[in-house]
Amino acid sequence: MAESQKRSPDATERPPLGPRQWPSWAGVGLAWLAARLPWGLQRPLGRAIGALLFALMRERRHVALRNIALCFPELDAARQEALARASFGELGIGLFEFARAWWGSVAPMRGGVRVEGLEHLAAAQAGGRGVIVVSGHFTTLEISARLMCDYAPLAGMYRPHDQGAMEWAVKRGRLRYATAMFTRDELRPALKHLKQGGLLWFAPDQDTRRGESVFVPFFGHPAYSLTSTHQLARLSGAAVIAFSHVRRDDGGYTLTLSPAFEDFPSSDATADTARVIAAIEAMVREAPTQYLWIHRRFKRQPDGRGELYR
């Protein structure tokens, strides 16, 4: 068992309360209230908010449409737009799910959870081995991580929020259910957690300026992708498994853990990263409306031009 056990947020860590943080605190307060709306109301309200965001967020709408056109060229323009509209509806639901995961109750969701592949997790943990649990940036990301914590003691690796108030509130909310939270700069404690047999969840599928990255295929296009999975597995000896999460039409969630990657890590960071991103692509194909298409996944290209979103 890992040293980091489920624990309450550190009561000695004081929240930032200066005037510059007041807008963030107002947002946190609204989200806290939204988390307490009935779940039966949140889903249709979330879809309505998503439709509004699709109409108002012109730049993000453009990014989503461009991503979908690149990844699903076999769809005609009307079906690509329909997929983009649906993804904004799922994003609207996801906003309520994030608020519930951090600051509300997930009791209404627990009855509709299906968990598959826990035996793969148990096999990967054999002998006290740590396990890296990789997923992608889906609108179901946060609620599914919280629900999975009912079955497995997950810790998480994340990128801190820029606003101090939001960072304090979100981290405090996550520590209600995660065993620990590590920023991407906290490599040493994350490795210690894995070496002691812990589970570490993170999503390595976004283009970020920090961390070693390489170009690997994503839907047939070069995508600048973190090599973190390879590096963490190499340094800790941890196994790697894929974690998919799908919001079903009946209101429930299906959480699936796949068998551990074989012969991972190899000596080739690029090849290992390509395997991880291919697994995430398979998750996207399973639930394309639930992926976070508003991120500029292909903004950096090998030729350095980065003109795909112009």
* To do: Please give the peptides 179-191, 146-158, 52-64 ranked by average Cβ packing (other Cβ atoms within 10 Å per residue), highest first, as a rough proxy for protection.
  => 146-158, 179-191, 52-64
* Please report how far the C-alpha centroid of segment 92-123 lies from that of segment 140-160, rounded to the nearest whole angstrom. => 8
* Computed log₁₀ I(q)/I(0) - Debye formula, equal Cα scatterers, no solvent, the chain, q 0.09 Å⁻¹ -> -0.45
* Structure fact -> If R0 = 25 Å, then Leu75 and Arg209, at their Cβ-Cβ distance, give a FRET efficiency to the nearest 0.05 of 0.20
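Based on alpha-carbon atoms only, what is the radius of gyration of segment 119-225 relative to the globular estimate 2.2 N^0.38 Å?
On the way: Rg = 14.8 Å, N = 107, 2.2 N^0.38 = 13.0 Å.
Normalised by 2.2 N^0.38 Å, the Cα Rg of segment 119-225 equals 1.14.
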* Describe numerically, in nm with one decimal, the distance between label points set 7 Å from Cα along Cα→Cβ at Leu52 and at His295. => 2.6
* What accessible area per residue, rounded to a whole number of Å², is obtained for segment 13-110 using a probe radius of 1.4 Å? -> 54
* Compute the distance in nm between two label points, each set 7 Å from the Cα along the Cα-to-Cβ direction, one at Asp249 and one at Ala86. => 0.9
* Calculate for the chain the 222 nm mean residue ellipticity that helices alone would give, adding -39,500 (n - 2.57) per DSSP H run of length 4 or more and normalising by residue count, nearest 500 deg cm²/dmol. => -14000 deg cm²/dmol
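How large is the charge dipole for segment 137-225, taken about the Cα centre, if only the Cβ atoms of Lys, Arg (+1) and Asp, Glu (-1) carry charge, to the nearest 20 debye? Write down the numbers at each step before the final one.
Details: 12 positive and 9 negative charges, 68 e Å.
With Lys and Arg at +1 and Asp and Glu at -1, about 320 debye.
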* Asked: Along segment 116-132, what does the Karplus equation 6.51 cos²θ - 1.76 cosθ + 1.60 (θ = phi - 60°) give for ³J(HN,Hα), rounded to whole Hz, x for Gly and Pro?
  -> 10, x, 4, 5, 5, 5, 4, 5, 5, 7, 3, x, x, 6, x, 9, 9
* To do: Just the number, please: carbon plus sulfur as a percent of the accessible area of the chain, 1.4 Å probe, no ligands or DNA/RNA counted.
  => 55
* Can you tell which of Gly92, Leu154, Val133 lies farthest toward the positive end of the dipole of segment 76-166, using +1 and -1 charges on the Cβ of basic and acidic side chains (Lys, Arg; Asp, Glu)? -> Leu154
* Asked: Top to bottom by accessible area (1.4 Å), largest first, where do Arg79, Arg129 land?
  -> Arg79, Arg129
* To do: Pick out, from Tyr224, Gly40, Thr179, the residue whose Cα sits farthest towards the positive end of the charge dipole of the chain, with +1 on the Cβ of Lys and Arg and -1 on the Cβ of Asp and Glu.
  => Gly40
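Packing-wise, with mean Cβ within 10 Å as the measure, how do 239-252, 202-215 rank, highest first? Provide the component values of the computation, followed by the final result.
Numbers: 239-252: 18.6, 202-215: 16.9.
Ranking, from highest mean packing down: 239-252, 202-215.
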* **Dipole magnitude of segment 1-143, debye to nearest 20 (Cβ charges: Lys/Arg +1, Asp/Glu -1, about Cα centre)** => 400
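Based on the alpha-carbon gyration tensor of segment 207-310 and its eigenvalue square roots a ≥ b ≥ c, which shape applies: rounded if a/c is under 1.5, prolate if not and a/b is larger than b/c, or oblate? Please list the in-between numbers first.
Values: a/c = 2.31, a/b = 1.06, b/c = 2.17.
It is oblate, given that a/c is not under 1.5 and a/b is not larger than b/c.
What's the Cα-based Rg to Rh of segment 144-290, Rh via Kirkwood? Intermediate values should be presented prior to the final figure.
Details: Rg = 15.5 Å, Rh = 16.4 Å.
Over the Cα atoms of segment 144-290, Rg/Rh equals 0.95.
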* Asked: What does the accessible area per residue of segment 174-306 come to in Å², with a 1.4 Å probe and no ligands, DNA or RNA counted?
  -> 41
* State, to one decimal in nm, how far the label point of Arg184 lies from the label point of Asp162, with both points 7 Å from Cα in the Cβ direction. => 1.4
* ³J(HN,Hα), Karplus 6.51/-1.76/1.60, whole Hz, each residue of segment 184-195, x for Gly, Pro -> 5, 8, 8, 5, 4, x, 5, 5, 4, 4, 5, 5
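The values are calculated or read from the model by the stated rules, or taken from the named source; none is laboratory data. A quick note: this is a predicted structure, and the numbers were derived from the prediction, not measured. No Cβ is skipped: glycine too gets one built from the backbone with ideal geometry, and neighbour counts run over all protein chains shown. Quick note on the areas: whole protein, heavy atoms, side chains included, nothing else; ligands and nucleic acids left out. Shrake-Rupley method; radii C 1.70, N 1.55, O 1.52, S 1.80 Å.
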